[in-house]
Amino acid sequence: MAAVRERIRAATNRRHVGRSEAQVVQEVSRVLRRWGQYYRSGNSARCFSAIDHYAHERLALFASAKHGRAGRNWQSRYDLTWFQSLGVYRLSGTVRYRTAHALR
């Protein structure tokens, strides 16, 4: 999880404030999609939820910096509907549970 968090943090860094939100969202979605496809088998729903929350927080902080807003009260400004309207790839709900096969 640390690796995907680092990639999300790099994509939403303050130095990218000059880029459009669509470009940053596309980069974050690409990171999430690749990581999610690799780890979606098994019991990873809790981790996926945590990564979705982290991506939401980082994109909200990026938008705050882009629009010149200070502080970390991003939850009141950038709620879940804002996050969904961006079109970010969501990891929650993509887990594939496989059936266990008994040995013969």
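The values are calculated or read from the model by the stated rules, or taken from the named source; none is laboratory data. These figures come from a predicted structure and were not determined experimentally. Every residue, glycine as well, gets a Cβ built from its backbone with ideal geometry; the counts of neighbours run over all protein chains shown. The accessibility values were calculated without ligands, DNA or RNA, using every heavy atom of the protein model including side chains. Shrake-Rupley method; radii C 1.70, N 1.55, O 1.52, S 1.80 Å.
How far, in nm, would the chain grow between Ala10 and Ser85 when pulled straight, counting 0.36 nm per residue and subtracting the alpha carbon separation?
24.8 nm
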Nearest-0.05 FRET efficiency for Glu21 and Ser76 at R0 = 25 Å, using Cβ-Cβ distance, is 0.85
Here the gain from full extension of Ala45 to Ala3, 0.36 nm per residue of separation minus their alpha-carbon distance, amounts to 13.4 nm
For the chain, the per residue accessible area (1.4 Å probe, Å²) is 67 Å²
In whole percent, the fraction of accessible protein surface over the chain that belongs to carbon or sulfur atoms, probe radius 1.4 Å, stands at 48 percent
In Å, the Kirkwood estimate of hydrodynamic radius for the chain over Cα pairs equals 14.6 Å
In debye to the nearest 20, the charge dipole size for the chain, taken about the Cα centre with +1 at each Lys and Arg Cβ and -1 at each Asp and Glu Cβ, equals 280 debye
